[in-house]
Ligand code: SF4
């Protein structure tokens with residue numbers, strides 16, 4: 001069994017970020033948070049490793065801003081604070097997240113020198129009009145160039161994309177996913193747009209100039225995106241914003257915010273897969289579907305929604321889901 005991996009997050013809110021994406025409120029958050037420094041890093045690592053089981057590993061992750069856009073000496077102070085823990089084996093890896101236009105060979109080589117293994121790149125969209133309407137301040141060519149450079153230097157590459165941005169459509173999101181797949185990342189994160197208070201997007205929405213990306217639209221599109229990435233053997237390591245007390249308590253004013261968004265989208269992907277099979281293969285009206293180990297609840301859906309959908313759409317009497325060996329690359333098999 002693989003050792004359990006613990007992420008030690010250190011947030012560098014809006015540190016070094018040169019602009020204001022319409023959906024982001026990091027600048028406001030950063031005003032309320034102490035800026036991260038070497039001491040923050042040391043304390044964050046020490047607070048986790050003291051209770052970590054012997055068979056677990058810990059990974060330090062700089063999230064929340066644009067790491068490589070921070071002044072060089074501040075990047076070095078943060079990384080130097082982590083170095084003794086990396087050398088002693090107390091942490092196994094360091095990853096950073098950043099913007100595509102803040103990546104060049106010199107900055108990446110510095111990350112390599114300090115033992116960073118993975119760079120997460122906020123691509124968000126590969127459609128230049130969507131990027132412009134979202135105030136990203138970079139274009140799709142920046143993402144392609146940065147992703148290729150990251151891979152050339154032997155770093156792990158995680159790409160992040162968003163759905164439901166201003167000017168976005170399902171077709172543009174599918175296009176973005178295909179472009180990201182062509183860059184061969186080691187994984188992707190997908191973040192459907194959430195309207196957070198105190199952002200430019202919130203104001204656009206209030207003025208009626210932005211139509212929100214609903215939970216249902218995000219789940220429907222997300223199921224298709226997840227399937228596309230999985231068929232290309234690229235893991236989707238996150239779908240949807242991490243639920244927090246702040247977001248659930250009202251900061252998420254609209255859009256695709258749901259504490260179980262990822263589960264809903266993955267479950268929809270299973271439903272779509274079963275629909276495809278039932279439309280093309282013979283089956284009993286007392287249907288038995290087989291899914292891989294641990295996937296029965298995904299096929300069943302929240303409150304058995306997938307079961308009811310299949311019964312209604314295909315005139316079935318009953319649907320039973322069991323664990324089985326499914327052919328590689330498939331989610332579901334018809335057993336009866
Ligand atoms: S680049 Fe990242 S941190 Fe900067 S404004 Fe955009 S989303 Fe926020």
**Request:** Could you check segment 104-220 for strands (runs of 3 or more DSSP E) lying wholly inside it with 3 or more residues that are assigned by TED's automatic domain parsing to the domain that holds residue 254 and more than 16 Å from the ligand (Cβ to nearest atom)?
**Result:** 116-124
**segment 162-174 - residue that is touching a strand residue (DSSP E or B) at 6+ places or on another chain (Cβ under 8 Å) and touching a residue at least 60 places away in the same chain (Cβ under 8 Å) and, of those, surrounded by the most Cβ atoms within 10 Å (Cβ to Cβ)** = 165
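Here is a yes/no grid of residues against (1) modelled with pLDDT under 95; (2) surrounded by fewer than 17 Cβ atoms within 10 Å (Cβ to Cβ):
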position: 154; (1), (2): no, yes
position: 181; (1), (2): no, no
position: 184; (1), (2): no, yes
position: 191; (1), (2): no, no
position: 194; (1), (2): no, no
position: 199; (1), (2): yes, no
position: 203; (1), (2): no, yes
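To keep it simple, each residue is scored yes or no on (1) touching a residue at least 24 places away in the same chain (Cβ under 8 Å); (2) surrounded by fewer than 16 Cβ atoms within 10 Å (Cβ to Cβ); (3) more than 14 Å from residue 270 (Cβ to Cβ).
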| site | (1), (2), (3) |
| --- | --- |
| 295 | yes, no, no |
| 301 | yes, no, no |
| 304 | no, yes, no |
| 307 | no, no, no |
| 312 | no, yes, yes |
| 317 | yes, yes, yes |
| 320 | yes, yes, yes |
| 328 | no, yes, yes |
| 336 | yes, yes, yes |
**Request:** Mind listing whichever residues of segment 53-77 are touching a strand residue (DSSP E or B) at 6+ places or on another chain (Cβ under 7 Å) and within 16 Å of the ligand (Cβ to nearest atom)?
**Result:** 61, 62, 63, 64, 66, 67, 68, 69
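Would you mind stating whether residue 177 is closer than 13 Å to residue 120 by Cα and surrounded by 23 or more Cβ atoms within 10 Å (Cβ to Cβ)? Walk me through it before giving the result.
On the way: closer than 13 Å to residue 120 by Cα: no; surrounded by 23 or more Cβ atoms within 10 Å (Cβ to Cβ): yes.
So residue 177 fails the test.
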**Asked** Filter segment 231-255 for residues that are part of a helix (DSSP H, G or I) and without any contact (Cβ under 8 Å) to a residue 24 or more places away in the chain; which is farthest from residue 189 (Cα to Cα)?
**Response** 249
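The values are calculated or read from the model by the stated rules, or taken from the named source; none is laboratory data. Not measured: the values here are computed from a predicted model. Every residue, glycine among them, receives a Cβ derived from its backbone with ideal geometry; neighbour counts consider all protein chains shown.
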